[in-house]
Each structure stands twice: as C-alpha cells, then as structure tokens.
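Right, one structure below, let's go through it.
The values are calculated or read from the model by the stated rules, or taken from the named source; none is laboratory data. From a predicted model like this one, the values you see are computed outputs, not experimental measurements. So basically every Cβ, Gly included, is an ideal-geometry build from the backbone, and we count neighbours across all protein chains shown. We work out accessible area using only protein heavy atoms, side chains counted, and drop any ligands, DNA or RNA first. Shrake-Rupley method; radii C 1.70, N 1.55, O 1.52, S 1.80 Å.
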Amino acid sequence: MFVSNPKKNYKKSIIISFVFLFAFLFAFTGCSKRNQNENARFCNFTKELFCKEVASNTISLHYSLQDPKAYGITKIPVTYGTISSSAEELSSTAENIEAALEDFDYKKLSMRNRLTYDVISEDLKQMKKEAPYILYEEPLGTVNGIHTQLPVLLEEFQFRTQEDITTYLELIKTTQDYFTSIEKFEIEKANAGLFMSDRAADEVMAQCRAFYEEKESNHLFSGFLKKLDAFSLSPKEKEQYIQKNAQLLNTYVFPAYQHLETVVQRLKGCGKNEEGLCHFPDGKAYYEWVAAQASCSGRSVKEMEELTKRQIQLDYQALEQAILIEKQEKNGPTLLKESDPILILEELKQKIKTTFPELGDTKIDVKYVPHEMEKSLSPAFYMIPAIDHTKENVIYVNRAYIQDPMTLYTTLAHEGYPGHLYQTVYFAQTNPDPIRSIYHFGGYVEGWATYAEMGSYYLSSLPKNQATILQKNSSIILGLYALTDMGIHYEGWTREDVFHFLKQYGLEQRQVTDRMYDLILGCPGNYLKYYIGYLEFVNLKEKYMAKEGKEVSQKKFHKMMLDIGPAPFPIVEKYMWEMCEEK
C-alpha cells in the first residue's frame, strides 16, 4: 500500500473565510412589497443578499463577477476585507437574516426557491453554531491558510480592463493592513490559550520564508508582466506599470510576509495544545461542528467513524479479491503513458458522455504551481470562474506531488472532468439563483470530485481488475486519513496512537505517520470533505437505484445531483426524492 496526499480543491473564498458573511444589517427595500408574488419577492431578497456579499471586498467581487454593473454593483473601496473575532457580530448577523427569511411563505415558493431557502437557512444555523468558537478558527492553517492561498489569488487576478490593473495595484498596497488584522486575530487566539502548536508555527514561518526569500524570481513579477501583454500599452506605460508593481511588492507584500513570520515567531510557545482539537476546552464540541460543516453530512462523528470503518472493510474485501484474480491470471501491471494534461482532459470529457449529462463548450488552461510555492500548496486545484463567465477555466498542477501518468489522470478527473470544473460549469448552466454561488459546501463539492476521481480509474485504459485494485487502494487510503482525522481531533489520538493504528495497515515509517499527524493537525476536518462527502454520494446512489430499479441509468442520477447543486446532503436527498415524485 502506498500513501498519497489527497487533492485539495482551491477555493477563492479562503481569503474571506473569516470575514462574516453579510456583516452588516440589511434594509431590504424591495422585499416587503406585498404586491409582488412570493417568488418575485424572494428573488429580490436573494439578489440583494448576493450583491451585498460579493461587493464586501475586492477579491470576492472580482472573482465572482466579470460584469458587476449588470448586477447594479458600482465602484466599491479596494480592500481584502477584515478579520474579526466578534462572536456577537456573527450571531447578530445570522439572526437578522434569519428574521428576514422567515418573512416569506415557504409553501408558496417554487421548488427552486424552496431549495435556495433551505440552503440559506442551513447556512445561518451553522453560523450561529460557529459563533462561540470563532477564536478556534485558524486563518494560518498549514494546508489552506491565507498566507499560502493569497499569492495564487493575486496571480490569477485577471486584468479584463485597464482599470483592473489599477485596482490590482491598489489592492496589493493594502496587504500589510490585511495581514495586521490576521496578526491581531492570532494574538487574541494566543491570549485565549488557543494559539497553534509549535510545529505548526514552524511550518507557517517556513511557508512565509519560501514566498519572500526568492523575491527576484517570484511569480508575481512574471505573472504581472504576462497579463500586461494582453493590452495595447505604449512601452512607457508598460514600464511604469512594471515598476509600480515591483515597488508595491517590495514595499507592501514581501514585508507583510516577513512581519507575519516575525509575529508568529514571537507568539510561538503560547500554544498550550500540541495535539487534536479535543484537548482544547470545549474542543470536542467544536470539532463536532467542524465535522458537520466540512462533511455536509447529517451524521454524528461517531456515525461517520462507523461508516468509514464499514467502507474500508468492504474495500479491503474487494481489493483482496481483485489481487487474487490478478495473481491467478498472472498479468503484469499496465502503465498509462499519456502525460499531456490537455489530452487527458479531452479524453475524460469524451469518455464521461455515456454516464454524465452533456456540458457546453469550455476552455481550459492548465498551469503549474510556482516552484517557491510547491511545498505549501496542494497537489492540484481548480480556480472557480466568475459566475457570469464560466467558459474559461484554470486548473493548477503541482509537479512536486504528481510524478506519474496515473496520478495525473485521476487528479485531472478530480479537478476537471467529471469533477470540479464539470460540476461547477454544469451547475452554472442551470441558471441557479446567484446567491447559491457564495455558499461553500465542502462535503458536496469535494465529495463529488472524489466520487469523480474514484470512477476515473475505470475510465482509463487499465484492465478492469487493475483499475479495481488501484481504486480500492485509493479509497482505503482516503478512509484512513478520515479515520485519523476523527481519531486525532475527536478521540484524542497521540502520535503514538496514530503510528500504531496505521501500522495495522502496513504503514510502519514514523516519518510518514508523523507527517500525516501534522498535516491533519493543521487542518481539522479536511479529509471528511473528501471521504464522507464521497460516501454520501455513493449512499444516495444506492438509495436511488434501490427505489427506482437497477435499470435506471447512472446519467439520470448524476443529472439529478448536478441539478440540485452544492448543498448539505440531507437537503440534497430531500430534493432528490421530490424530483423523483415530480417525474
């Protein structure tokens, strides 16, 4: 058995993950007019929510909409947003929106609007549950922290107009101010006895150094220059922009990372817990929220543990049987040879047509993670496009992790077809309420991509039996990560516990198990998004097939899941049956 690091889908929302959604009081000017029918009133309500949220900071607006004016959004202050630690503000915001939501007659809404209502309502419930634990959140997570995500956000900040260049330059000028708010948040965490472990602090500092030490070759210089090439600028104008970018990076961005490293160094040692969340006061209750939020499952942590153990056992049985057949047939391993990402994506796009609904034309640009960021970024990630321009898509591949064609193939299935890119673009083509785009339901999104990845083994040119061996092995590994996640953060496993647990499955290298421990320690609940989300899709598929009959095509099930779109799984199941009844 081998160990690999499951793919992490890059989300543009990370930069505002600690900015309270709707952190303002609403005056819903058009929503109380009773002369409008209930559905029209509701759509006005969600539009106003959407516009206020995406306009709350420059990154959110730029990545969400290519044409904000079409939504009535005009020029706003250039800012990353802020990070706050106010539990009262979070609760108050949720309660105000909840009160406005309850003003609608749920029974008079269309199915589409009831689905949106349920999604908003569930998110508000989670916000209120999160409020008491706001200082438990970690903006500097070693897996997906703001400091590791921001460079990619800046590089992918598209220049559609010359005004965007000016906005970008103004934005990076505010980097130090934004990092100051992060530092203040970390100081509050330290004062509350909730600061990160020393190991995590060391890694955060190393990640900061990796970004600023190679200043001269930093991709934010070359990337900026490449984006300028799309404009008809005079040599003088171009040179002025280049000099301005260099000046601002050297004055505001690199020093911000250096100062952040200094602050983390100063706070190192304040952390009172070198182990899982359950060792913090109320940490076990907080992890229950984390697990529910990450997985989007209605199951308790104990139920997730049992589900995971059952699936690992089933996968082991299937794996042993496939290995036995392979030995009897005396087949040697078949190796994939294709290593061109674009050709692999095109192959996957064609092969999924029999079991997945058709997708409109899309453009894909495959890029590689900059060398200085390889160690701190995921093996691959998909950049979510603006909701009003989904035809152009970007997938990043991290060559430090992906070193063989089979891994590349399944990674591109996860990030591309029929994974993140396919699901995102398909859902956008159903013309959903724009408000749906601001919610991130990791269990659905990553669960779908993992479901796509697992199925891709059987789409490859491998013989079915060999595909089964690799797929079951991959599923078992991901299940072990998920169990270890729950073990560390809920059951209180130590490094020694993790080592002895994984030793049962053939993982006997301390270096590997310690690295796994640190990885999970730095991002609680991360693997539940992938694994529990994946199992929830498998579970829904089994329920659907059991009721509708084995002859029902997979394409119908997939279309139903995609049409419902990202949501907690209890909501997905509710509307799956409602759609079945309608048909």
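Assorted remarks:
- The range 88-125, residues that are aromatic (F, W, Y) and out of contact with any helix residue (DSSP H, G or I) (no Cβ under 6 Å at 6 or more places or on another chain): Y106, Y117
- Residues considered: Y422, Y439, Y426, Y401. Of these, the only one that is touching a residue at least 40 places away in the same chain (Cβ under 8 Å) and open to solvent by less than 10 Å² (accessible area, probe 1.4 Å) is Y422.
- Scope the range 224-253; condition within 23 Å of L150 (Cβ to Cβ) and in contact with a Leu (Cβ under 8 Å, 6 or more places away or on another chain); matching residues: Y241, I242, K244, N245, L248, L249, V253
- Verdict on E122 being modelled with pLDDT of 95 or more, within 30 Å of F569 (Cα to Cα) and open to solvent by 10 Å² or more (accessible area, probe 1.4 Å): yes
- Filtered residues of the range 150-170 (kept if assigned to a loop (DSSP other than H, G, I, E, B) and of a type outside the set (D, E, K, R)): F157, Q158, F159, T161
- Beta carbons closer than 6 Å, at least 6 apart along the sequence or on distinct chains, pair a first residue in the range 171-185 that is farther than 13 Å from I146 by Cβ and part of a helix (DSSP H, G or I) with a second that is modelled with pLDDT of 95 or more and open to solvent by less than 10 Å² (accessible area, probe 1.4 Å) for I172/L248; I172/V253; Q176/A256.
- Single unsatisfied condition, L135 versus (1) touching a residue at least 60 places away in the same chain (Cβ under 8 Å); (2) within 26 Å of A192 (Cα to Cα): (1)
- Counting only residues that are part of a helix (DSSP H, G or I) and in contact (Cβ under 8 Å) with a residue 12 or more places away in the chain, the range 540-569 holds 18 of them.
- In the range 187-229, of all residues being more than 25 Å from the chain's Cα centre (by Cα) and among the aliphatic types (A, V, I, L, M), the one that is surrounded by the most Cβ atoms within 10 Å (Cβ to Cβ) corresponds to A190.
- Being touching a Phe, Trp or Tyr at 6+ places or on another chain (Cβ under 9 Å), polar (S, T, N, Q), at pLDDT below 90 and surrounded by 21 or more Cβ atoms within 10 Å (Cβ to Cβ) is a condition met by no residue of the range 360-375.
- Residues in the range 357-377 that are assigned to a loop (DSSP other than H, G, I, E, B) and either of a type in the set (S, T, N, Q) or closer than 17 Å to L154 by Cα (or both): T362, V369, P370, L377.
- Residues in the range 378-435 that are touching a helix residue (DSSP H, G or I) at 6+ places or on another chain (Cβ under 8 Å), part of a loop (DSSP other than H, G, I, E, B) and of a type in the set (D, E): 2 in all.
- Meets criteria (open to solvent by less than 20 Å² (accessible area, probe 1.4 Å) and within 23 Å of L359 (Cβ to Cβ)) for A449: yes
- Applying the criterion of at least 2 residues that are farther than 27 Å from P570 by Cβ and open to solvent by 60 Å² or more (accessible area, probe 1.4 Å) to the helices (runs of 4 or more DSSP H) found wholly in the range 275-356 leaves 301-329, 341-351.
- Boolean, Y490 is in contact with a Lys or Arg (Cβ under 6 Å, 6 or more places away or on another chain) and closer than 24 Å to P139 by Cβ: no
- Selection within the range 51-91: residues that are aliphatic (A, V, I, L, M), open to solvent by less than 40 Å² (accessible area, probe 1.4 Å) and part of a helix (DSSP H, G or I). The member of this set that is nearest to M127 (Cα to Cα) is L90.
- The range 471-515, residues that are of a type in the set (D, E, K, R), surrounded by fewer than 16 Cβ atoms within 10 Å (Cβ to Cβ) and without any contact (Cβ under 8 Å) to a residue 12 or more places away in the chain: E496, K503, E508, R510, R515
- Cross-chain or 6+ apart pairs with Cβ under 6 Å, the range 353-374 first and of a type in the set (D, E), then surrounded by fewer than 18 Cβ atoms within 10 Å (Cβ to Cβ) and assigned to a loop (DSSP other than H, G, I, E, B): E372/E214; E374/A400
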